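Beneath this line is the structure, given in structure tokens, with notes to follow.
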Amino acid sequence: MSRYPSNRTENRPNDLAGMEYSKLEYWDDNGKPYLKEYAGSGKLQGKTAIITGGDSGIGRAAAIMFAREGASGITITYLPEEETDAKDAQRLVEESGAKVNLFKADLMDESACEQLVQSHMKVFGKLNILVNNASKQIICKDFAQIDLKKVESTFRSNILQMFAVTKFALPHLKRGAAIINTTSVTAYRGSAGLVDYASTKGAILTFTRSLAQQLAPKGIRVNGVAPGPIITALQAASRPAENMEGLGVGEPLHGRAGQPAECGPSYVFLASSDSNIMTGQVIHINSGEHFGGS
């Protein structure tokens, strides 16, 4: 079986180009469809969530698992060019039991962040979980050639919109609510080819810890997830297709990149009461590439 099996056929060579990665079937190391076998136990019964960038990859996997854990409603944000992925995500999440509110917008626009929360509240009437997951990356291996306009765009996409969405969501989050921010292993080890991206992920780490301190008296938990190399549309869109086969092959535990479905349970844990006394913490899902750290 191919290192990266897809939902097309097992014996057909993978098309490694672009957004095809958002359509991957999610498998474990024994070739079993892990996501299809995931069965919830009511950990998020009746709760609602906003998941930015929930149309594909880690965000989509989290949305499906939230639904299987009993979440009643999930708002998924996506960019205009991600319409097909968003519709696929909606179908998969609704098949898993939750109503989906699709919100198409570029969250680099502050007003869109406010409208996102308004849309969610209009449809579902409450907000229990906020997953700040949307991000972008642009590889640049020569810092002398870095485009500062693209750097600014990366910061607006990855961290400033996180501030905005959280600000507008906060009045609707009550005691027991959870905020989950997607950071990255690059926040801890750096990345020579992703200096701006890694910098935003470091900012997200500090944002998570600082906001956790501020919101602890209100009983709102703020935690993060720091994935290592994961096969997602984000990865595929930022590098030549031929480079995807080598993604994660040096990872100590399995010698491969992770699948989005292998990240989803960490989001379920942080969204549920199982993590009731955790705040300001980060879960590392990187196959042993990096061990915790400050």
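What follows is calculated from the coordinates using simple rules that are stated; it is not laboratory data. These figures come from a predicted structure and were not determined experimentally. For neighbour counting, all protein chains shown are included, and Cβ atoms are generated from backbone atoms with ideal geometry for every residue, glycine included.
Here are some notes:
- Pairs of Cα atoms in segment 56-129 fall into 5 Å distance bins, from 0 up to the last occupied one, in shares of 3, 17, 27, 25, 20, 6, 1 percent.
- Exposure proxy shown here: for S210, S184, S275, the number of other Cβ atoms within 10 Å sets the order, fewest to most, as S210, S275, S184.
- Between the alpha-carbon centres of segment 51-107 and segment 186-205 there is a gap of 26 Å.
- Modelled spin labels at I146 and T206, positioned 7 Å past Cα toward Cβ, are 1.5 nm from each other.
- Of the peptides 97-107, 212-222, 57-67, the ranking by mean beta-carbon count within 10 Å, highest at the top, reads 57-67, 97-107, 212-222.
- If the convex hull is drawn through the Cα atoms of segment 34-83, its volume per residue in Å³: 69
- Packing around the peptides 108-115, 147-154, taken as the average count of other Cβ atoms within 10 Å per residue, puts them in this order, highest first: 108-115, 147-154.
- By the rule of a C-alpha distance below 23 Å, with chain neighbours fewer than 8 residues away ignored, the lysines paired with K104 are K23, K47, K87, K122, K126, K136, K150, K167.
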